[in-house]
Ligand code: 1CP
């Protein structure tokens with residue numbers, strides 16, 4: 001039998017999310033959940049009890065297994081490769097530890113502009129992040145074409161936040177100091193990150209990723225002025241160059257999603273910076289976002305992650321309202337941010353089933369009317 005390579009993947013059986021991302025007609029609204037592989041699943045906790053977090057990321061068989069866990073349970077329309085955005089700072093030479101109960105921590109964060117000299121600026125992603133590519137190729141085969149596989153990266157500003165702050169934070173005051181005190185060094189760091197992120201995303205597509213999401217999870221710490229200076233230009237370069245470089249390597253480009261959490265001030269700009277899909281956090285009114293984006297992009301989101309605590313019937317009501325506000329075309333249903341560890345998996349099932357059955361019902365009703 002031929003070896004499983006990035007050339008001989010099984011045929012795709014469910015392309016709903018790819019059609020929605022490209023703005024094509026869909027009979028149902030596709031759905032996936034940010035952090036769908038995670039601590040709310042007992043089988044994930046079991047795996048993590050025996051394996052350190054980055055070991056799971058770095059071992060293709062383990063990363064693949066964790067990626068498949070939610071796909072086995074729920075009728076999701078996409079899988080997302082199990083990894084973390086912080087593997088990119090690791091590839092640049094920084095140490096990142098995952099501290100139980102606290103989250104990621106950098107023992108030696110960047111403090112001053114001269115610290116940039118400590119970063120490896122000529123990262124060969126095949127050497128440093130090849131384990132992610134291997135996990136993607138393996139997972140594409142193990143998915144057996146059931147649903148498409150999403151690859152992802154953190155965006156430059158969000159990665160800069162962790163590299164300077166050293167971990168999660170309420171204010172991100174240290175990286176924000178850089179923007180105002182060390183403007184040139186901030187751009188230098190953005191350029192270093194942009195280059196490696198582009199190579200990393202292109203490598204993921206070459207390995208088999210069928211959709212890419214860029215996480216700008218800390219956009220909400222910026223203001224319109226700093227976003228336009230330090231985030232948006234780099235997000236545009238990433239979208240443009242990933243597309244060009246994938247094409248140059250003889251592959252069709254894949255749709256790209258930008259999820260800029262807290263960037264309610266930038267929805268119009270995000271709709272025209274090269275991404276097919278704009279992800280919305282739960283604070284945004286879908287109707288307002290539709291108005292701001294004028295059909296230029298597909299929208300993703302945005303149920304409040306907390307709504308998964310509601311009784312199942314109430315989840316259906318909330319989903320119906322969400323679908324009515326978005327409309328059932330050019331929409332990928334998701335939460336407005338990652339799922340929390342204390343959510344009951346049965347409520348995820350209720351969410352996924354509600355998106356499918358209610359969107360199908362709305363589509364059939366509108367067909368009858370026409
Ligand atoms: O012990 C554990 O298992 C740690 C929990 C955990 C998990 C399950 C972390 C630590 N990362 C992940 C996986 C992960 N991270 C995925 C997996 C794929 C999926 O199923 O969706 C993805 C896409 C991420 C991306 C990620 N990591 C983001 C962007 C998304 C977001 O939430 O905005 C961010 C900001 C991170 C950093 C990170 N990694 C982990 C934590 C707890 C954090 C947040 C730290 C903080 O800011 O407080």
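Tabulated data for the structure shown
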{"read-out": "Hey, residue 87 modelled with pLDDT of 95 or more, away from the ligand (no atom under 12 Å from the Cβ) and closer than 21 Å to residue 217 by Cβ or not", "value": "no"}
{"read-out": "Tally, over the stretch 330-346, of residues that are outside any loop (DSSP other than H, G, I, E, B) and crowded, with 19+ Cβ neighbours inside 10 Å", "value": "5"}
{"read-out": "Residue in the stretch 137-148 that is within 12 Å of the ligand (Cβ to nearest atom) and in contact with a strand residue (DSSP E or B) (Cβ under 9 Å, 6 or more places away or on another chain) present", "value": "yes"}
{"read-out": "Any chance residue 111 is in contact with a helix residue (DSSP H, G or I) (Cβ under 7 Å, 6 or more places away or on another chain), assigned to a loop (DSSP other than H, G, I, E, B) and surrounded by fewer than 17 Cβ atoms within 10 Å (Cβ to Cβ)", "value": "no"}
{"read-out": "Residues that are out of contact with any helix residue (DSSP H, G or I) (no Cβ under 8 Å at 6 or more places or on another chain) and either more than 11 Å from the ligand (Cβ to nearest atom) or farther than 30 Å from residue 148 by Cβ (or both), drawn from the stretch 64-84", "value": "72"}
{"read-out": "Unmet criterion (only one of (1) farther than 25 Å from residue 141 by Cα; (2) within 16 Å of the ligand (Cβ to nearest atom)) for residue 188", "value": "(2)"}
{"read-out": "Pairs where the first residue, in the stretch 13-42, is within 15 Å of residue 326 (Cα to Cα) and the second is more than 9 Å from the ligand (Cβ to nearest atom) and part of a loop (DSSP other than H, G, I, E, B), C-beta under 6 Å, 6+ apart", "value": "20/26; 20/30; 21/255; 21/276; 23/330; 29/328; 30/77; 31/77"}
{"read-out": "Pairs, first farther than 16 Å from residue 124 by Cα in the stretch 80-94, second within 6 Å of the ligand (Cβ to nearest atom) and in a loop (DSSP other than H, G, I, E, B), C-beta under 6 Å, six or more apart", "value": "82/37"}
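The values are calculated or read from the model by the stated rules, or taken from the named source; none is laboratory data. Since this is a predicted model, take the numbers as computed values, not measurements. Positions of Cβ are backbone-derived with ideal geometry, glycine not excepted, and every protein chain shown enters the neighbour counts.
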